[in-house]
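Novice: The structure that follows is given in the form of structure tokens.
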Ligand code: B12
Ligand code: SF4
């Protein structure tokens, strides 16, 4: 009885940028008696189902974008006599669909870390249950990934989660609903131990795969401080203190290590936090800018962001503190007009951000936007018999690119406008100008290659929908990735000591003297 863990993907590049974390977390949660799981990341190569023998267990993790491929894997695995178990955000949201389309014996909702051994034991005894609730477990219980199972020379960046959950409630995002609004921070020493394990294998770059690295803002603390009951203030201060503790420990790691995270723009108002990020070598952060206008921000329930010139100032604050910003912008908001594309491109260019992504508003299940959109389409519009409200079940090449009806713009106008902004932001001359943020010629060339790779892999605006274009685009991305890998991977440090992960209490005291006010 072998355990296979499969990360589904329609496209396989042979190489990938970031390690899919859930595979290595579930591998860690697999009890030793089941042997070492076979890990299959289809972004590298397709799953060879002939390796399955009857009685094996196939665990498949899906989000909305790869659900359909996951279902095909599930059906193939069941046909070969395996127990098929699904988990991940999409399985959590649509367990019945997963059973119907993915041939699942079992669907696990929520966090898999603690429930996975139980699922395996039930499969072993031949009686898996249809559903398991993994719940939202505390930060300390989140498993430490098994990086010893990583294949050599395939990925460029490791991924380590430091906190799960986000207190905000953006209308286009499902995280606060699935992972919850309470930040669940992992033990600092667990996080650092993972970073050490990755550096031992030559990984210098690590994505802190968090929902929001800055869950307690300066404004939250000030508001809690105004309350007569100081209990909340105590809780928030402790959470903040742990963030600083973590950053103080990251600072002690080999100084060629670089981290990247996701954060809200509010961190720009917190120079103490930004300074700690810089010391910890958190050199980059994805910041959800979303819209450059106040109306747009209101539409996505993101009033805590700034617009216009105040936005430029906030974004520049990151840069001043040595944190490169990957700005994330959304097009197709009801308040957008034909001018929004140009205004956004201009602002992105002059705000000092290093990278940007421009996504088209997509109703992801589990979000406020999805619920509204689903109601609007309750009339039953279909594509090849599949309801539009279940668009992820439509094969990718037939899927529309824009779903949300816009009051003034046609879908093609939004798609084309978005594509043009990507093209404009990533011309060689624009990238070269931005590359001045790094010093040496080598670093500037690296910046150019990374920018082009990013553009190639993530500008998913629908232009590359026919298979010839997809193949060409994949070939180019693979070629760029080969060059980029050399920039990211360093000589392994097998002797790096675990003792770099200092037990929390000691740093907490040092830190308390130094930082928290
Ligand atoms: C890191 C990340 C990325 C990285 C992924 C890198 C990589 N190779 O993994 C990058 C930046 C590339 C990325 C891209 C995108 N992402 Co993303 N990403 C994340 C993020 C922040 C963390 C994911 C992670 O590693 N979590 C840590 C692991 C351990 O947690 P987990 O995956 O949830 O797994 C746990 C459980 O779900 C469960 N589980 C998972 N699988 C399985 C399987 C089995 C069998 C079992 C039992 C349990 C189980 O157990 C695990 C351990 O507890 C999540 C936010 C989030 N909260 O998930 C968004 C998130 C997954 N991304 C999202 C989106 C929308 C995207 C993009 C579409 C964005 C875009 N517009 O381009 C693209 C899609 C790329 C693609 N085509 O696949 C959405 C997905 C929404 C949805 N309904 O599907 C999320 C939830 C963020 C959000 N704001 O809503 N992303
Ligand atoms: S978009 Fe970011 S800030 Fe908003 S709820 Fe999601 S994770 Fe939190």
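Novice: How would 170, 437, 123 line up from fewest to most surrounding beta-carbon atoms within 10 angstrom?
Specialist: Numbers: 170 22, 437 15, 123 25.
Taking fewest neighbouring Cβ atoms as first place, the list is 437, 170, 123.
Novice: Now for a different question. What's the long-distance tail for the chain, i.e. % of Cα pairs beyond 43 Å?
Specialist: Values: 18683 of 133386 pairs.
Counting every Cα pair in the chain, those more than 43 Å apart make up 14 percent.
Novice: Here is a further query. Report, please, the projected area of the range 63-151 averaged over directions, based on the convex hull of its C-alpha atoms, in nm².
Specialist: Values: hull surface 26.5 nm².
If I average the Cα hull's projected area over directions, I get 6.6 nm².
Novice: For 397, 157, what's the fewest-to-most ordering of other Cβ within 10 Å of each Cβ? Intermediate values should be presented prior to the final figure.
Specialist: Details: 397 10, 157 21.
Starting with the residue having the fewest Cβ neighbours, the order is 397, 157.
Novice: Sticking with this structure for a sec: Can you tell me the Rg and the Dmax, both Å, for the Cα atoms in the range 1-149?
Specialist: Cα radius of gyration and Dmax of the range 1-149 are 13.8, 38 Å respectively.
Novice: Across the range 77-121, how large is the tail of the calculated P(r) beyond 13 Å, expressed as a percent of all Cα pairs?
Specialist: Details: 515 of 990 pairs.
Beyond 13 Å sits 52 percent of the P(r) for the range 77-121.
Novice: Over the range 299-407, one equal point on each Cα, no solvent: what is log10 I(q)/I(0) by the Debye formula at q = 0.15 Å⁻¹?
Specialist: Here log10 of I(q) over I(0) equals -0.77.
Novice: Which residues does a label at residue 219 reach in the range 156-191, if reach means a backbone N under 12 Å from a point 7 Å past the Cα toward the Cβ?
Specialist: 168-169
Novice: Here's a follow-up. Dividing the alpha-carbon radius of gyration of the range 190-322 by 2.2 N^0.38 Å (N being the number of residues), what value is obtained? Can you show the working numbers first?
Specialist: Numbers: Rg = 16.2 Å, N = 133, 2.2 N^0.38 = 14.1 Å.
So the Cα radius of gyration is 1.15 times the expected 2.2 N^0.38 Å.
Novice: Counting each DSSP H run of 4 or more residues in the chain as -39500 (n - 2.57), what helix-only mean residue ellipticity at 222 nm follows after dividing by all residues, to the nearest 500 deg cm²/dmol? All intermediate terms of the calculation are to be shown ahead of the outcome.
Specialist: Working: 19 runs with 214 residues, N = 517.
Helix-only estimate at 222 nm: -12500 deg cm²/dmol.
Novice: With no solvent and one equal point scatterer placed on each C-alpha of the range 1-67, evaluate the Debye formula and give log10 I(q)/I(0) for q = 0.20, 0.27 Å⁻¹, two decimals.
Specialist: Values, matching the q order: -0.83, -1.30.
Novice: In a solvent-free Debye calculation with one equal scatterer on each Cα, what is log10 I(q)/I(0) for the range 162-211 at q = 0.15, 0.27 Å⁻¹, listed in the order of the q values?
Specialist: Per q value, in the given order, log10 I(q)/I(0) is -0.51, -0.94.
Novice: How long are the semi-axes of the equivalent ellipsoid of the range 362-502, taking √(5λ) for every eigenvalue λ of the Cα gyration tensor, in whole Å from largest down?
Specialist: Numbers: eigenvalues 290, 94, 54 Å².
Rounded to whole Å, the semi-axes are 38, 22, 16.
Novice: Residues in the range 43-65, backbone N under 18 Å from the label point at residue 386 (7 Å along the Cα-to-beta-carbon vector): list them, ranges by number please.
Specialist: Counting backbone N atoms under 18 Å from the label point, the list is 61-65.
Novice: Report, for the chain, the % of DSSP beta bridges that are antiparallel, rounded to 5.
Specialist: Details: 5 of 48 bridges.
Antiparallel bridges: around 10 percent, rounded to the nearest 5.
Novice: Averaged across orientations, what area in nm² does the convex hull of the alpha carbons in the range 303-355 project? Walk me through the numbers on the way to the answer.
Specialist: Numbers: hull surface 15.4 nm².
Approximately 3.9 nm², given one-decimal rounding.
Novice: Summarise the long-distance tail of P(r) for the range 207-279 by giving the % of C-alpha pairs beyond 16 Å. Walk me through the numbers on the way to the answer.
Specialist: Details: 1381 of 2628 pairs.
Considering the range 207-279, 53 percent of its Cα-Cα pairs are separated by more than 16 Å.
Novice: Please order 171, 50, 351 by the number of other Cβ within 10 Å, starting at the fewest. Walk me through the numbers before you get to the answer.
Specialist: On the way: 171 18, 50 8, 351 21.
Placing the least packed residue first, the sequence is 50, 171, 351.
Novice: In whole angstrom, and with the biggest value first, how far do the Cα coordinates of the range 344-445 range along each principal axis?
Specialist: 57, 27, 25
Novice: With an 8 Å Cα cut-off and a minimum separation of 6 or more residues, compute the relative contact order for the chain in percent. Mind showing how you got there, number by number?
Specialist: Details: 938 pairs, mean separation 70.9, N = 517.
After rounding, I find 14 percent.
Taken together, the values in this text are just the output of simple stated rules run on the coordinates, not laboratory data. Fair warning: this is a prediction, and the values are worked out from it, not measured in the lab. Positions of Cβ are backbone-derived with ideal geometry, glycine not excepted, and every protein chain shown enters the neighbour counts.
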